[in-house]
1. Just name the residue that is modelled with the highest pLDDT out of those in segment 101-119 that are closer than 17 Å to Gly146 by Cα and assigned to a helix (DSSP H, G or I).
2. So in segment 180-216, with the set limited to residues that are within 30 Å of Ser83 (Cβ to Cβ) and either at pLDDT below 70 or among the hydroxyl-bearing types (Ser, Thr, Tyr) (or both), which one is surrounded by the fewest Cβ atoms within 10 Å (Cβ to Cβ)?
3. Give the number of residues within segment 55-67 that are of a type in the set (Gly, Ala, Ser) and assigned to a helix (DSSP H, G or I).
4. I want to confirm something. Restricting to segment 162-179 and keeping residues that are under 21 Å from Ala108 (Cβ atoms) and modelled with pLDDT under 70, which single residue is surrounded by the fewest Cβ atoms within 10 Å (Cβ to Cβ)?
5. Just to be sure, is Met98 open to solvent by less than 30 Å² (accessible area, probe 1.4 Å), touching a helix residue (DSSP H, G or I) at 6+ places or on another chain (Cβ under 9 Å) and part of a loop (DSSP other than H, G, I, E, B)?
6. Looking at segment 101-119, which of the residues that are of a type in the set (A, V, I, L, M) and open to solvent by 50 Å² or more (accessible area, probe 1.4 Å) is nearest to Phe157 (Cα to Cα)?
7. If I go through segment 35-54 residue by residue, how many of them are part of a loop (DSSP other than H, G, I, E, B) and within 22 Å of His112 (Cβ to Cβ)?
8. Taking segment 50-80 as the region of interest, how many residues are farther than 20 Å from Leu120 by Cα, open to solvent by less than 40 Å² (accessible area, probe 1.4 Å) and of a type in the set (Gly, Ala, Ser)?
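The values are calculated or read from the model by the stated rules, or taken from the named source; none is laboratory data. Just so you know, these numbers come straight off a predicted model, no measurement behind them. Here the Cβ positions follow ideal geometry from the backbone for every residue, glycine too, while neighbour counts run over all protein chains shown. Just the protein is used for accessible areas: all its heavy atoms, side chains included, with ligands, DNA and RNA removed. Shrake-Rupley method; radii C 1.70, N 1.55, O 1.52, S 1.80 Å.
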Amino acid sequence: MPGAVSAPRSRRPRNSLTVEEILDVAERVAVEGIETLTIRAVATELESSPMALYRYFSTKDELVDALLNRVLGRMEPPSESASWIRDLGVFARNHRDMLNQHQWAVTALFAHPVPGPNALPIGEWALRILERGGISGDAAVATFSGIIGLNYGWASFVVARSGGAGETLAEDLVDQGVAQAFPLTASLAGPMSHYGSMEHYELILGQLLAGISVTA
């Protein structure tokens, strides 16, 4: 009807939000890119106002930390077997899987490595396994850090691979000029296409675990 005025968008009743509901929506926004996550964006999805969300999270950083803390809380605890080095491998894979399942969170976790209390059990699980292998003190912290560092780096590879980085690199290596200048690198064009693959991860993790077990 000409001249009709659309009805104003309705707002949710005050105090009708919950923390879990806010985090659910925040994660849906973050999956599209963590840089798009703002209090206003979440409020819009909730058909609420930014001021309503500020009652729960006073800043964007608080919201991000709560969201990342929830992600870390989804990591599956490692099982305990008779072999501590096998359990350390399970720990590493579980941590890797958690990152791979939340690729949008990898970069944010670099900036917020301890976003909340759910980060603490992860370290405790690893340190307990290492203690069973006779590894403690600085050696335990360095070993734990090395595994975590491997996984964060590999998670970045996985993100790049999902964008076709491995295939692009392999294609570049078959260029005649590249092959002449870097013959050894070019000869590995096939394996380079497996950049960031699970097969390569298992290879390097196995080497890492073998080294840890020898020095324990």
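1. Applying the filter and picking the extreme gives Ala119.
2. For segment 180-216, the residue satisfying everything is Thr215.
3. Of the residues in segment 55-67, 1 are of a type in the set (Gly, Ala, Ser) and assigned to a helix (DSSP H, G or I).
4. Initial filter on segment 162-179 (under 21 Å from Ala108 (Cβ atoms)): 162-163, 165.
Filter once more, so that each one left must be modelled with pLDDT under 70: 163, 165.
Numbers: Gly163: 9, Ala165: 16.
Here the answer is Gly163.
5. no
6. Among them, the one singled out is Ala111.
7. Applying the first criterion (part of a loop (DSSP other than H, G, I, E, B)) to segment 35-54 yields 37-38, 46-49.
So of that shortlist, the ones also within 22 Å of His112 (Cβ to Cβ) come out as 37-38.
Residues that pass the stated criteria total 2.
8. Residues meeting the conditions: 1.
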